[in-house]
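Written out below as structure tokens is the structure these notes cover.
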């Protein structure tokens, strides 16, 4: 969903008119063009509107993220979602499959390391992780959870 569409959705949810939504921040005609997708809104005005009406910023970002997220990031999110499902279902076969897919297709080193450690930890095989990978994991995650110790 585009920002203008999301603003309209939030405005309607709040039961406000366009005048009320943008009062003191933007002119109503300009705001109407934003909602219709004809104009863009700058970040400062967007945040003023959202904060003025106590719109949950996380929820707002959830509404718009698919339209502004890169294709690579969308694929990464799908992998993360699939990995989470496999862990929840305690499906080691699926976990291994998704881990392998991530290793073969993602450029995101953090995602790769997370997949490796999740898969190994889930199977109780963290002791089998290669020394080079262990070093990368410790460097990236600061050894915070001592999974590899």
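The values are calculated or read from the model by the stated rules, or taken from the named source; none is laboratory data. The structure displayed is predicted, hence computed values, not measured ones. Methodologically, a virtual Cβ is constructed for each residue, glycine included, from the backbone with ideal geometry; neighbour enumeration extends over all protein chains shown.
Exactly one condition in (1) in contact (Cβ under 8 Å) with a residue 60 or more places away in the chain; (2) assigned by TED's automatic domain parsing to the domain that holds residue 108 is not met by residue 75; state its number.
Just one mismatch for residue 75, condition (1).
Any idea which residue in the range 2-20 is surrounded by the fewest Cβ atoms within 10 Å (Cβ to Cβ), counting only those that are over 15 Å from residue 39 (Cα atoms) and under 22 Å from the mean Cα position of the chain (by Cα)?
Across the range 2-20, the extreme among qualifying residues is 9.
Yes or no: residue 13 within 28 Å of residue 98 (Cα to Cα) and either assigned to a helix (DSSP H, G or I) or assigned by TED's automatic domain parsing to the domain that holds residue 104 (or both)?
no
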